[in-house]
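No value in this document is a laboratory result; all are computed from the given coordinates. This is a predicted model, so every value here is computed, not measured. Cβ placement follows ideal geometry from the backbone for every residue including glycine, while neighbour counts extend to all protein chains displayed.
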Amino acid sequence: MTDLLLEINDLKTSFYTETGLVTAVNGVSFNVKKGEIVGVVGESGCGKSVMSQTILRLFEEGTVEFEGEINFKGNNLLTLSNKQMNKVRGDQISMIFQDPLSTLNPVHSVGRQISESIVLHQKVSKKVAEQKAIELLQLVGIPSPEKRAKEYPHNLSGGMRQRAMIAVALACRPELLIADEPTTALDVTIQAQILDLMKNLNTELDMGIIFITHDLGVVAELCSRVIVMYLGEVVEEASLEELFSRPLHPYTQGLIKSIPQLDGDRTKPLHTIEGTVPPLTRVPIGCRFATRCQFADEQCRTSSPPVSEYSPTQKVKCWNFEQILAKQEVAADVHVCT
Ligand SMILES: Nc1ncnc2c1ncn2[C@@H]1O[C@H](COP(=O)(O)OP(=O)(O)OP(=O)(O)O)[C@@H](O)[C@H]1O
Ligand SMILES: [Mg+2]
């Protein structure tokens, strides 16, 4: 038996726009195993949200075109009918977002939103569902859940709302949870609590999680494997240990260098990757990162690099990663010797 939950193969998502077809996700492949937390990182505009919305096909019909495959438990989600897809959405894959108010229904109490979903998916009586809703609110760490169940989303604080949204997302007992920057808008204490909650849920419910974030610190806390996206493509995939001990892609290296260090020299400016992510209408011809890469040569500027497998768990899309790694190892040796 395979422990694979989701397998994305060569996925392309393109939008019809006034200026023509633009491709926001370009040939993305990766998978998620049962009970695994996979992090997806990259700067703003790299296609993280479009990729995750494609898994659930959350786009208006006729505005978007897909290629490739998203296999979930043996079905390609891209070829399911809308009716079948609705069932997957509410039943097996849930999504949580940065802004809970856009997901929660303002006119129903949080308890009702959870219990209605339970009735729909677990075929239990209303009374049992109401009890289960209270248990779920407790599971996500909401104090006095009986009382909170009767409240409306706008009566809850930001952290509580986020927890309530997670409870709603869990009501159908999903096998896969997609979390798109669910903690970005929260203060650090609440963020830490929500991350703990995700970890517990992952262990208790054996749920696969795709966790999208800008924050590599969060990835280090939570994920066992990481996908790095740049301008619609996966430029590196690695286990957590590999990502931090030996990042191969210059983009990943730049992201890691940009993490603020607690014990770092605060008088020095923080490292940033020079330049910005280009718009989809001006995608470079060769390697998409070449315009911002200090190691880019003629080949990088003219031809898109293949994906190389450096280890069974680490892949990189860069022409020069071996030379870059060798140079860095020499530099590190010199540093140690002096
Ligand atoms: N409906 C749409 N039509 C056209 N282009 C779109 C559409 N939705 C997203 N895009 C473009 O797709 C690209 C990827 O956007 P996406 O929202 O996935 O980025 P992201 O990595 O999630 O960024 P952030 O970290 O800011 O959330 C961007 O260039 C964006 O402008
Ligand atoms: Mg996004």
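Structure values in brief
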item	result
Per DSSP, loop GluC sites (Glu not before Pro) in the range 1-47 with at most 11 further Cβ within 10 Å	GLU18
Viscosity 0.692 mPa s, temperature 37 °C, Stokes-Einstein D of the chain from Kirkwood C-alpha radius, µm²/s	153 µm²/s
Equivalent ellipsoid dimensions for the range 102-171 as semi-axes, Å, which come from the Cα gyration tensor, largest first	18, 12, 10
Cα centroid separation - the range 133-175 against the range 1-56, whole Å	28 Å
Kirkwood Rh and Cα Rg combined as Rg over Rh, evaluated for the range 186-338	0.99
Table column - 3J(HN,Hα) (Hz), the range 137-152, Karplus curve with 6.51, -1.76, 1.60, x for Gly and Pro	4, 5, 4, 8, x, 8, x, 6, x, 4, 6, 5, 4, 8, 8, 9
Per-q log10 I(q)/I(0), the range 49-105, q = 0.30 Å⁻¹ (Debye; single scatterer per alpha-carbon; no solvent)	-1.47
Reachable lysines, given that their alpha-carbon falls under 23 Å from the alpha-carbon of LYS126 and they are not under 8 places away in the same chain	LYS87, LYS147, LYS150
Against the rule of thumb 2.2 N^0.38 Å, how large the Cα Rg of the range 2-46 comes out	1.49
Between 0 and 90°, nearest 10: helix 188-205 axis offset from the chain longest Cα axis	70 degrees
For the range 55-208, projected area of the alpha-carbon convex hull averaged over all directions, nm²	9.9 nm²
As computed over the range 1-135, the Cα convex hull volume per residue (Å³)	158 Å³
Computed over the range 14-56: relative contact order in percent, which uses C-alpha pairs under 8 Å that are six or more apart	29 percent
Cβ charges +1 (Lys, Arg) and -1 (Asp, Glu), total dipole of the chain, debye	1040 debye
Loop-located GluC sites (Glu not before Pro) in the range 272-338, at most 10 other Cβ atoms within 10 Å (DSSP)	GLU274
Under the Karplus curve 6.51 cos²θ - 1.76 cosθ + 1.60, θ = phi - 60°, whole-Hz ³J(HN,Hα) for the range 225-235, x wherever Gly or Pro sits	9, 9, 10, 9, 10, 9, 6, x, 10, 8, 9
q = 0.14, 0.17, 0.24 Å⁻¹: log10 I(q)/I(0) that the Debye formula gives for the range 163-225, counting C-alpha atoms only	-0.36, -0.54, -1.13
Quotient of Cα Rg and 2.2 N^0.38 Å for the range 113-152, N being how many residues it contains	1.08
Trypsin sites (Lys or Arg not before Pro), loop per DSSP, at most 14 other Cβ atoms within 10 Å - longest free stretch of the chain	1-122
Using a Förster distance of 25 Å, the FRET efficiency for ILE256-PHE59 (Cβ separation, nearest 0.05)	0.15
Angle between the chain longest axis and helix 321-337 axis [Cα atoms, degrees, rounded to 10]	80 degrees
Net charge of Cβ neighbours under 15 Å - reference GLN98; Lys, Arg +1; Asp, Glu -1	-2
